[in-house]
Each structure stands twice: as C-alpha cells, then as structure tokens.
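Notes to accompany the following structure.
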Amino acid sequence: RAPHFLVQPLSTFQKYGGSVTLSCSVEPASAIISWQLNGAELDLPGVLVSGGTLVIASLNNDTVGRYQCIARTPVGSISSVPAIVTLARGGSHYRNTESALGPSY
C-alpha cells in the first residue's frame, strides 16, 4: 500500500556546533525511508541517518537548509513537508530580553 506519514520532521534552530535531531515516522513499517537536503540526496559527513531519525552532530553552514523525509514503497513515494534547519544567532535575543527588563531591585 502507499506510504503515509505518522510523524513529519519539524523546523528548528540551533547554535553553531550544536546537535539537531529530526524525526520521521511512516506506515507501512516496510517503507524505505531516505532524506534529502535542499532537494538533493543527503550525503554529508557529520549527518547520521538511521531510518526515520536524522542527527546532525555539529550544525554548521554546510548542514543548514531544507530537510525532507522521503518514504517509498512499491506502490508509491511521498515527501514530508520541509523541515527548515537554521543557525540561531548566538543567544543575543536572551541578552536583549534581559536588558529590556532593566535591573531588578
């Protein structure tokens, strides 16, 4: 039967060098799962794929982008919605929040 998603990967952001995990779950369990980055088959060092789980060990400029989970069965294939992985801006928004609140007395 044709595959369908139970869980699709979610967009996320992480600081430079941080790890990111994306998850994808499909039925039937016999479906073959692969991953794409920016529309191309994924082949990057430091990106580990184990079925429906993708782990970016250390986020950098080469590993940000649009990730998609692809599920294939003999009947057909489907692509997940893109999960956008972006670099967080060094926590500056936290500092801005603190300074906006001013000192506490």
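The values are calculated or read from the model by the stated rules, or taken from the named source; none is laboratory data. Worth saying up front: this structure is predicted, and the values here are computed from it rather than measured. With ideal geometry, Cβ positions are generated from the backbone for all residues, glycine too; neighbour counts draw on all protein chains shown.
Within segment 51-65, restricting attention to residues that are more than 15 Å from Gln14 (Cβ to Cβ) and at pLDDT 95 or above, which residue is nearest to the chain's Cα centre (by Cα)? Across segment 51-65, the extreme among qualifying residues is Thr53. Tell me the residue from Leu22, Leu6 that is surrounded by fewer than 17 Cβ atoms within 10 Å (Cβ to Cβ) and either within 11 Å of the chain's Cα centre (by Cα) or assigned to a strand (DSSP E or B) (or both), please. Being surrounded by fewer than 17 Cβ atoms within 10 Å (Cβ to Cβ) and either within 11 Å of the chain's Cα centre (by Cα) or assigned to a strand (DSSP E or B) (or both) holds for just one of Leu22, Leu6, which is Leu6. Return yes or no: is Gly52 over 24 Å from Ala29 (Cα atoms) and in contact with a strand residue (DSSP E or B) (Cβ under 8 Å, 6 or more places away or on another chain)? So Gly52 fails the test. Consider segment 9-19 and keep the residues that are under 10 Å from the mean Cα position of the chain (by Cα) and assigned to a strand (DSSP E or B). The one that is nearest to Ser58 (Cα to Cα) is Phe13. Checking each residue in segment 54-88 for being in a loop (DSSP other than H, G, I, E, B), under 13 Å from Leu22 (Cα atoms) and of a type in the set (S, T, N, Q) picks out Thr63, Ser80. With respect to the conditions (1) of a type outside the set (Gly, Ala, Ser); (2) within 23 Å of Arg89 (Cβ to Cβ); (3) touching a Ser or Thr at 6+ places or on another chain (Cβ under 7 Å), Arg66 lacks only one, and its number is (3).
Where residues in segment 62-77 are surrounded by 16 or more Cβ atoms within 10 Å (Cβ to Cβ) and polar (S, T, N, Q), which of them is farthest from Trp35 (Cα to Cα)? If we take residues in segment 62-77 being surrounded by 16 or more Cβ atoms within 10 Å (Cβ to Cβ) and polar (S, T, N, Q), then Thr73 is farthest from Trp35 (Cα to Cα). For segment 13-35, a residue qualifies if it is closer than 25 Å to Pro74 by Cβ and without any contact (Cβ under 8 Å) to a residue 40 or more places away in the chain, and the qualifying residues are Ser23, Ser25, Glu27, Ala29, Ile33, Ser34, Trp35. The C-beta contact set for segment 44-61 (first residue surrounded by fewer than 16 Cβ atoms within 10 Å (Cβ to Cβ), second residue at pLDDT below 95, distance under 6 angstrom, 6+ apart or interchain) comprises Ala57/Gly46; Ser58/Gly46. Of the residues making up segment 1-49, those that are closer than 19 Å to Ala88 by Cβ and β-branched (Val, Ile, Thr) are Thr12, Val20, Thr21, Val47. Taking the residues in segment 25-43 that are surrounded by 12 or more Cβ atoms within 10 Å (Cβ to Cβ) and among the small types (Gly, Ala, Ser) as candidates, determine which candidate is farthest from Gln68 (Cα to Cα). Among residues in segment 25-43 that are surrounded by 12 or more Cβ atoms within 10 Å (Cβ to Cβ) and among the small types (Gly, Ala, Ser), the one farthest from Gln68 (Cα to Cα) is Ala31. Taking segment 25-53 only, how many residues are part of a strand (DSSP E or B) and within 24 Å of Leu6 (Cβ to Cβ)? Residues flagged as part of a strand (DSSP E or B) and within 24 Å of Leu6 (Cβ to Cβ) within segment 25-53 amount to 15.
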